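What follows is calculated from the coordinates using simple rules that are stated; it is not laboratory data. Since the structure is predicted, the reported quantities are computational estimates derived from the model, not experimental observations. Glycine also receives a Cβ, built like all others from the backbone with ideal geometry; neighbour counts cover every protein chain displayed.
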Amino acid sequence: MLRKLCKYEFRSISRTLIPIYIAVIALSILTAISFSINKEYKLSSYYPVDMSLGYTLHGLFKGVMSFAYFAVMVALFVLTAVIILQRFYKGLLCDEGYLMFTLPVKPWQLITSKGITAFVMSILSCIVSCISIFILIMGALPYPLKTLAEFFNFENWSMFFTRLNEVVPMWGIYLFEFIILVIVGSFASLYQIYASMAIGHLAKKNRILMSVVAYIATSMVLSFIGGIFGVFSAFSIQNSIYYINAGEVFLHALLIFSVVISIIEFVVFFIITERILSKKLNLE
Amino acid sequence: MNNILVSARSLTKTYQHITALNNINLEIGSGKIVGLLGPNGSGKTTFIKLLCGLLQPTSGVLTVDGKNIGTQTKSVISYLPDRMFIADWFKACDLMEFFADFYSDFDKNKAMEMLAALGIAPNDKIKTMSKGTKEKIQLAMIMSRKAKLYLLDEPIAGVDPAARDFILNTILTNYNEEGTVIISTHLISDIERVLDEAIFLQNGNIVRYDTVDNIREQEGKSVDQLFREIFAYGM
């Protein structure tokens with residue numbers, strides 16, 4: 001059942017996001033092209049400043065492309081966030097809730113399907129923006145193909161990793177811990193949003209406003225708790241600073257500790273959301 | 001043989017300080033068409049929402065087919081709310097796929113036939129349909145299931161008389177005869193001819209629950225007339 005829920009959720013989200021992804025990639029290619037045309041033109045030009053019509057038009061083209069690119073990148077992030085909010089609010093707490101909450105599925109399955117699809121879509125949005133930046137850099141470089149060849153050169157990478165192993169022998173573990181932190185951290189923030197909307201749903205009216213209030217309140221509680229732990233960990237570093245590899249130990253401890261905190265946040269927010277939608281559901 | 005499909009014992013639902021259902025006790029059997037009758041705010045929608053699990057009772061016990069309300073009862077209940085509940089970006093075929101995916105008792109052929117009768121092509125988008133067509137396509141989906149309990153909340157409110165006939169005929173010709181249909185409405189004269197039983201709700205209380213034949217025999221009047229008497233203002 002969870003798989004089926006995710007299937008419809010992906011369909012619903014991708015309907016809006018995939019056109020944006022295509023627009024971002026297309027615009028970054030166009031922008032990259034606009035930067036790469038006439039790259040050597042200035043060098044070969046006799047005059048220091050070219051006032052010809054072609055050059056001015058090209059400048060205009062570059063300007064417009066850069067602006068369009070910037071706009072579409074902003075749209076990508078704003079839309080991803082808005083859609084994640086909207087899929088939960090409209091898909092569960094408004095009229096569509098009448099369909100979803102009468103399906104033979106448990107509320108936790110509904111909530112989980114929302115979280116999984118939102119997470120995957122955020123990751124996709126990040127990947128698309130990375131690809132687009134990569135395309136832009138390629139366009140701005142003087143010899144993109146040569147750079148690209150170097151980028152995919154195995155020897156360069158093996159040199160890089162050899163150096164990395166010398167300087168930071170534990171980099172693999174750091175990377176692993178960091179990726180885990182990003183994943184659980186994303187889920188924790190997603191479910192903080194969901195829990196806030198569920199808490200807002202308890203109000204009789206002004207539910208959206210109450211959701212915003214709930215989000216601010218939970219954020220304040222979180223930063224307060226985080227602050228307390230920060231103070232304690234500062235004291236513990238003071239005591240451990242005499243050890244040889246204190247820095248490394250501290251970094252590991254910090255990463256693992258953040259992972260644990262994020263998992264706790266995620267679980268608490270998930271339970272709040274699930275309990276409210278199971279026991280206190282009251283669709284308008 | 002246990003023929004009781006819906007059973008409510010001391011069922012109460014309060015919202016903050018408003019009592020929507022007050023200590024309801026009733027049993028509804030299988031294979032019947034039951035009218036849930038009462039003026040606005042009498043608790044009809046609350047009762048239906050409790051049955052399909054959209055609300056949790058404040059106190060009391062409610063069972064469908066001997067089970068507490070949960071995923072098992074949801075899989076045998078076909079519910080038509082009093083509003084649009086399908087995402088408007090769906091196409092008619094997406095909607096059928098959705099119902100077939102989640103409800104094992106969904107009959108896709110039957111749904112196709114009903115859509116064809118309505119003149120809806122599988123690739124038509126819900127968004128482009130008129131309000132009346134949207135209501136009909138929802139009803140077609142609901143009635144294409146071979147459910148044990150159909151819950152229809154105000155299915156004929158706000159539609160023209162021709163559409164009203166279409167809706168009632170669709171219900172009558174398509175419901176699972178071993179199942180029960182509960183129709184909530186305040187438009188009784190239109191619906192009276194199809195009812196086997198009638199439940200009269202007033203301010204969260206059941207004021208009468210009887211078969212339509214009994215009402216006619218004992219009172220010597222139609223359900224509609226009885227309704228007008230029970231819920232008369234300022235008499």
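The phi torsions of region B:207-212, fed into the Karplus equation with coefficients 6.51, -1.76 and 1.60 and a -60° offset, translate into couplings of 8, 6, 9, 8, 6, 5 Hz, rounded to whole numbers, with Gly and Pro shown as x. In chain A, helices alone account for a calculated mean residue ellipticity at 222 nm of -29000 deg cm²/dmol, with every DSSP H run of four or more residues adding -39,500 (n - 2.57). Peptide B:87-94 is shielded by partner chain Cβ atoms: per residue, an average of 3 of them sit within 10 Å of its Cβ.
In region A:243-283, which trypsin sites (Lys or Arg not before Pro) are in a loop and have at most 13 other Cβ atoms within 10 Å, using DSSP for the loop call?
Counting only loop positions with at most 13 other Cβ atoms within 10 Å, the trypsin sites (Lys or Arg not before Pro) in region A:243-283 are A:Lys280.
With the helix formula -39500 (n - 2.57) applied to DSSP H stretches of n ≥ 4, chain B reaches a computed 222 nm mean residue ellipticity of -9500 deg cm²/dmol. So how far, in whole Å, is the C-alpha centre of region A:107-146 from the one of region B:181-235? Taking the Cα centre of region B:181-235 as reference, the centre of region A:107-146 is 60 Å away. Magnitude of the charge dipole for the protein assembly as shown, about its Cα centre and with charges confined to Cβ atoms of Lys, Arg (+1) and Asp, Glu (-1), is about 560 debye. Taken over the C-alpha atoms, region A:167-284 has Rg and Dmax values of 18.4, 62 angstrom. Projecting label points 7 angstrom from Cα along Cα→Cβ for B:Trp89 and B:Ser104 puts them 3.1 nm apart. Among the GluC sites (Glu not before Pro) within region B:177-235, those in coil by DSSP and having at most 14 neighbouring Cβ atoms inside 10 Å are B:Glu177, B:Glu178.
Which order results if A:Phe160, A:Phe119 are arranged by neighbouring Cβ count within 10 Å, fewest first?
Lowest to highest Cβ neighbour count: A:Phe160, A:Phe119.
The alpha-carbon atoms of region B:98-235 define a convex hull whose volume equals 143 cubic angstrom per residue.
Global dimensions of chain B from alpha-carbon coordinates: Rg and Dmax equal 17.8, 55 Å. Once backbone amide H atoms are built at 1.01 Å from N, B:Arg208 has B:Phe200 as its partners under 5 Å, excluding neighbours fewer than 5 places away on the same chain.
Relative contact order of region A:141-253, taken over Cα pairs closer than 8 Å and 6 or more residues apart, is 13 percent. With neighbours defined as other Cβ atoms within 10 Å of a residue's Cβ, the residues A:Val74, B:Val6, B:Val212, A:Val249 order from fewest to most as A:Val74, A:Val249, B:Val212, B:Val6. When the Gaussian network model of chain B links Cα atoms closer than 10 Å, the mean-square fluctuations of B:Asn40, B:Asn123, B:Asn176 top out at B:Asn123.
Just want the ordering: B:Met112, B:Met96, from fewest to most Cβ atoms lying within 10 Å of their own Cβ.
B:Met112, B:Met96
Axis angle, to the nearest 10 degrees, between helix B:108-118 and the longest C-alpha principal axis of chain B: 90 degrees. With 0.36 nm allotted per residue and the present C-alpha distance subtracted, the A:Leu148-A:Lys4 stretch has 47.7 nm of extension available. Taking A:Leu53, A:Leu148, A:Leu93 in turn, the Gaussian network model of chain A (Cα-Cα springs below 10 Å) assigns the largest fluctuation to A:Leu53.
Expressed as an acute angle from 0 to 90° and rounded to the nearest 10, what is the orientation of the C-alpha long axis of helix B:161-174 relative to the principal long axis of chain B? Computed tilt is about 90 degrees. Of the residues A:Phe270, A:Phe151, A:Phe35, the one that moves most in a GNM of chain A with alpha-carbon contacts below 10 Å is A:Phe151. Residues within the reach of a label modelled at A:Ile183 (point 7 angstrom out along Cα to beta-carbon, backbone nitrogen below 14 Å), restricted to region A:244-284, are A:259-260, A:263.
Legend: translational diffusion of the protein assembly as shown by Stokes-Einstein, Rh = Kirkwood radius over C-alpha pairs, 25 °C, 0.890 mPa s; D = 88 µm²/s.
Estimated from the Cβ-Cβ distance and a Förster radius of 35 angstrom, the FRET efficiency linking A:Ala253 and A:Val221 is about 0.90. Per residue, the convex hull spanned by the alpha carbons of region A:91-200 comes to 177 Å³.
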